[in-house]
Structure formats: C-alpha cells, structure tokens
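K.L.:
I am attaching a structure below and will ask some questions about it afterwards.
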Amino acid sequence: MSHDTSVVQLAKDLVGGDRRALAQALSLVESTADDDQPRIVELLTALPPSKETTRRIGVTGSPGVGKSTFLETFGLSLLEAGHRLAVLAVDPTSRRSGGSILGDKVRMQKLSLDDRAFVRPSPSRLALGGAAFATRDAITVCEAAGFTTTIVETVGVGQSEIETFDMVDLFLVLVLSQAGDDLQGIKRGVMEVADAVIVTKSDLSPDAASQARAMYRATMRLLSPSRPGWESPVLTVSALKNEGLTDVVNVVNAFFQEDREALIDAVRRNQRMSWFEELVRRKIAVQSESDAALAARLAVLRDKVAKDSVPVTSAVHDFLSHLTISFTERS
Ligand SMILES: Nc1nc2c(ncn2[C@@H]2O[C@H](COP(=O)(O)OP(=O)(O)OP(=O)(O)O)[C@@H](O)[C@H]2O)c(=O)[nH]1
Ligand SMILES: [Mg+2]
C-alpha cells in the first residue's frame, strides 16, 4: 500500500480538533469508491484507539416521532454537563433529500452552531448496503476528534434499528403517545433491545402520554432485560416545552455509571467481534464475484455441484484453495 501523506496529515488535523478535517474524514470513511478503500484503512490505522469512557448512544423512532427535536434539547443539556457531542443522522429510507438535511440543521440549530457539538446529516445513499459499517467507522472518527458522546440518530424502518443497536452502548427508542393503544407499527424486536423508551410530544396530550407510558411499562415488564441487570425505564418528554429531559439525562448517567463499565466493555468487545466476522464474510463474498479468476473458478464449481459431478465438500475445499492463492498474490 502506498503511503498517503495527505491521509496522515488528515488524521493529525482531525485529532487536533480541526472541523474541516473531521468533515473530510467522515466523507472518506463513508466512501464506497475503490480508490478510497486503502486511504480509509490508512486513516483508521493512524487514529488513536477509542477511549473506554466515551459514550455511544443510539436514538431511533419512526419518521416524525421527534428525534431531531429531542436531540437538540437533550444534546444541549449534555453540552451543559461538559460533554462534547457528535450526532450522526442515518436515514435508510430514500425520502431523505437536500430538504430534509436542511431540516435537520434547522431542528438541531443550536447544536449545529455550537462548537462543542457536531451534527452530521447523512444522505440516504450512505445508508444503503454496508452503511452500518461506515457508521461504525464514523463513530471511531468522531471519538478520535475528541467527542465524548456520539449519538447515532436512525429512522426506524426495516433492519436499521437493530443495526444501530449493534454499534452503541445505550439504545433509546422514541415512540408517539398517539400510537399508544397497541404496539402496532413498533416491532417487538425493537422493544426487546430498548434500554429506555421515550414517549415524545407529551405537551400535545399529557393524558395520552401518561397512558402510553403505563402501556409501555407493562409491555417492557413482559420482555427480558435489554442488558444484564438493567431495567429499561419508560419516560415521557416534550422536547418543545423542555419537559422531562432531566429524567432522560439521569437515566443516561445511571446507565453509564462506573460500576457498569465492565459490562459496557464486554458489549463493545462483542460488537467488534461480530463486526469483524460479518465484514470478513461480506468481503469474501464480494471478492469471489469481483476477482475474475476466482469468479471463473466459482462458476465452474457451481456447475459441477449442479451436475453432482463433485461432492459439495470437495468443491468448497477447491474454492478455498483458490481464495488463498488469490490473497497471497495480493500481499
Ligand atoms: N408539540 C410538539 N411537537 C414536536 C415535539 N418534538 C417534535 N415535534 C414536531 O414534530 C415534527 C417532527 O419532528 P422531528 O424532530 O423532525 O422528528 P424526526 O423524528 O427527527 O423526523 P425524521 O428525521 O424526519 O424522521 C416537527 O414538526 C416538530 O416540530 C414536541 O415535543 N412537541
Ligand atoms: Mg430527524
């Protein structure tokens, strides 16, 4: 791999707190261009390892539930408490356009303008395919830049919530009180991994909000704990009226208390391990199809397997021997 001095400089500037370097580094790790891949590796290798005391928080909820508005108020209280905050907005839907990115900047205006915070709206393109992996690298970049808390805001559709859960320490699920009559629309799987449930927009109808809270509390009691020794609380907030935010801050602080550090470390370790395993699997799959010689061998073997002219086990061994050769030639 050629030594890229510009990337080494980028890493230095990033660690030194340069905003432009931060934005550039985030664009780089989000890039899917082949040319950028060695530069991404070089950048990540040049960064200091993440500190254990950093906080990674996921915030999810259906479109319009009030995530960005909540993050503005919640984020400002984190800044007050001395944290430096990065917000990475990930939207796996294709509805996100220049307009909604502008919307994020408006909804998180004070955060966007505060130099203790950094807000990164991501265009939808980035959320497709391997985006979950890019977001993990983006967290690493933010932590290297000195942010003590990184929040990943994700729109709750499809698999995106679970992917987010797998990259954070604490997972907050925002829900509307209007949807409180039943759990329709909110998948059970998401509630199972919620470390806290937050009923939003309580100012619209305080009664509906407290009914929803009671209903979600009952639901959460039926589920097994999201983490060992942690009971997921259900809270109500109005981000617009700044009500209930102190409770959220208290829950977050309780979650990150020192006696839970070992648990959080173990969670991160498991996350790194499955990230590695999954990425290796994916890259091998991609490699098998994109490397001409390998792809040709794979096609021959598929054909033989189809005709039953070679045992499947032998075909796999054959394939693996080609894979090894292919990688050896590269290094
Ligand atoms: N009354 C009231 N309205 C709120 C509150 N929080 C958010 N809203 C409104 O709800 C709408 C959606 O808020 P957002 O914060 O953009 O919601 P979001 O979940 O980030 O939306 P997407 O990012 O588009 O999925 C906006 O019109 C907000 O002004 C609240 O606490 N009370
Ligand atoms: Mg939003």
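The values are calculated or read from the model by the stated rules, or taken from the named source; none is laboratory data. Not measured: the values here are computed from a predicted model. As a convention, Cβ positions derive from the backbone with ideal geometry for all residues, glycine included, and neighbour counts pool all protein chains shown.
K.L.:
When only residues in segment 98-138 that are within 13 Å of ligand 2 (Cβ to nearest atom) and in a loop (DSSP other than H, G, I, E, B) count, which is modelled with the highest pLDDT?
P.N.:
MET108
K.L.:
Can I ask one more? Exactly one condition in (1) in a helix (DSSP H, G or I); (2) modelled with pLDDT under 95; (3) aliphatic (A, V, I, L, M) is not met by ALA89; state its number.
P.N.:
All conditions pass for ALA89, except number (1).
K.L.:
LEU294 - would you say it is more than 21 Å from ILE139 (Cβ to Cβ) and modelled with pLDDT of 90 or more?
P.N.:
Taking the combined requirement at face value, the residue does not satisfy it.
K.L.:
List pairs: first in segment 119-143 and closer than 18 Å to GLU278 by Cβ and of a type in the set (Val, Ile, Thr), second modelled with pLDDT under 80 and assigned to a helix (DSSP H, G or I), Cβ under 9 Å, 6+ apart or cross-chain?
P.N.:
Going by the 9 Å Cβ cut-off, the qualifying pairs are THR135/LEU126; THR135/ALA127.
K.L.:
Within the bounds of segment 255-262, is there any residue that is in contact (Cβ under 8 Å) with a residue 12 or more places away in the chain, of a type in the set (A, V, I, L, M) and more than 16 Å from ligand 2 (Cβ to nearest atom)?
P.N.:
No, that holds for no residue.
K.L.:
Please specify each residue of segment 54-90 satisfying the condition of being surrounded by fewer than 23 Cβ atoms within 10 Å (Cβ to Cβ), among the basic types (Lys, Arg) and within 16 Å of ligand 2 (Cβ to nearest atom).
P.N.:
Answer for segment 54-90, where residues must be surrounded by fewer than 23 Cβ atoms within 10 Å (Cβ to Cβ), among the basic types (Lys, Arg) and within 16 Å of ligand 2 (Cβ to nearest atom): there is none.
K.L.:
Kindly establish whether ALA218 is closer than 24 Å to HIS83 by Cα, without any contact (Cβ under 8 Å) to a residue 40 or more places away in the chain and assigned to a helix (DSSP H, G or I).
P.N.:
no
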